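A quick write-up on the structure given underneath.
Just so you know, all these numbers are worked out from the coordinates, no wet-lab data involved. Since we're looking at a predicted model, the values are computed, not measured. All Cβ positions, even for glycine, are placed from backbone atoms using ideal geometry, and neighbour counts span all protein chains on display.
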Amino acid sequence: MRCIKCPVKASVELRRHNSSFCSPHYLEFVRNQLARNVKRLRMFAPEDRILVAISGGKDSLALWDLLLEAGYSAVGLHIQLGIGEYSVRSAEVSQDFAQSRGAELIEFSLDQELGMGVPLLSRVLRRPPCSGCGLNKRYLFNKIALERGFTVVATGHNLDDEAATLMGNVLRWQREQLARQSPSLESNHPQMVRKVKPLYTLTERETASYCLIRGIDYVVEECPNAKGAHSLLYKDILNRIETESPGTKQQFFQGFLARMRPALQREQTVDLLACEECGQPTTGEVCSYCRMKDRVQNYIAVNAPNGASRRDT
Ligand code: Q46
Ligand code: ZN
Ligand code: ZN
């Protein structure tokens, strides 16, 4: 099989695009996808200061690499979640990447900020690990971006992530989540930073191929808490459909953005207020992060007043 752009043997085949590329032309394809997405959805401009959420996985590192290559001001933010070896390795990989590119990486530790990592937090809140983890990440990305003068937060969500989230939202008919699901979310509150997902048209396999060709070392293992997650089931189902009918995943998500989301958006009438404790946007008086933090502080005051067992993970 030959590259569709030159006579060289292809190294990546994209059945949904009916295309195959040699390595240099594949990199060009990925760069063009990013540039097109950024332009089409007006995600950011050259003068924007971008905070890139870095997990240490293939998607976030590919995104950071692409933004740096394109000359954007892109600073990484890695939040250490305290999930055993997985978090140790994620931090190392993120630091190594930053060092290799001479890029700035902001590191933040949940243990230091909150007094505990995700595993203990899950037990204190009596909720699945991903629930507390997601709440912290969403809140901290926005807060750190605001405090440090970033104009936009970029995450590495890919087409598989977006299609699986869409499937979950549709299966439960979650109107509010559907209305908010977008690769480019404008700020609707003075304390809210714009959120963008510039890789939303690329699949997991495509970002992995990009990392492989670019020689980017990333954490291959999934977070241990992802096991049994509904999102993995949806991804598996969508991949099986995709194998039989290439392009379905893309049509599913792009069709939603073009035909369904505009109607849902018009219905959205949620007024955001400023949290009485931290000033961040919320629909109630006190935001869910501050309510969670109160519970954590109560737990620490009763169970580990000296912080002795704070690292009980
Ligand atoms: S890191 Fe956190 Fe994910 Fe791990 S605990 Fe769940 S949400 S699975 S992206
Ligand atoms: Zn080629
Ligand atoms: Zn708050």
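Data overview
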quantity	calculated
The stretch 1-84, Rg to Rh (Cα coordinates; Rh as Kirkwood inverse mean 1/r)	1.07
Calculated P(r) tail over 18 Å for the stretch 55-178, as whole % of Cα pairs	60
Rotationally averaged projected area of the stretch 160-257 (alpha carbon convex hull; nm²)	8.1
Under-5 Å amide H pairs with residue 52, H placed in peptide plane, nonlocal only	75, 76, 77, 154
Greater than 21 Å apart at Cα, pairs in 137/197; 58/235; 143/293; 197/293	197/293
Average silhouette area of the stretch 177-313, convex hull of alpha-carbon atoms, in square nanometres	12.8
Sites residue 6 and residue 173, calculated FRET efficiency, Cβ-Cβ separation with R0 45 Å, nearest 0.05	0.40
Overall dimensions of the stretch 148-203 by Cα: Rg and Dmax, Å	12.5, 38
Where labels lie 7 Å past Cα in the beta-carbon direction, separation of residue 32 and residue 230 in nm	3.8
Proxy reagent accessibility, fewest Cβ within 10 Å first, across 78, 25	25, 78
Most mobile listed residue (54, 106, 237) in the chain, GNM with C-alpha springs under 10 Å	237
Relative contact order, percent, the chain [alpha-carbon distance under 8 Å, six or more residues apart]	20
Cβ-derived FRET efficiency at R0 22 Å, residue 88 paired with residue 127, nearest 0.05	0.35
Mean Cα-pair separation over length for the stretch 56-165, i.e. relative contact order, pairs under 8 Å, 6 or more apart, %	27
Distance between the stretch 42-100 and the stretch 225-291 - C-alpha centres, whole angstrom	22
For the stretch 31-73, average projected area of the Cα convex hull in nm²	2.9
Value of D in µm² per second that Stokes-Einstein yields for the chain, Kirkwood Rh from Cα pairs, at 25 °C (0.890 mPa s)	118
Distance (nanometres) between label positions extended 7 Å along Cα→Cβ at residue 259 and residue 99	5.1
Trypsin sites (Lys or Arg not before Pro) lying in DSSP loop within the stretch 177-247, provided at most 11 other Cβ fall within 10 Å	227
Sparse-neighbour loop sites [GluC sites (Glu not before Pro); the stretch 70-125; at most 12 other C-beta within 10 Å; DSSP]	104
Selected from 50, 241, 79 as most flexible by GNM, with the chain as the system and alpha-carbon contacts under 10 Å	241
Net charge of neighbours whose Cβ lies under 12 Å from the Cβ of residue 152, counting Lys and Arg as +1 and Asp and Glu as -1	+2
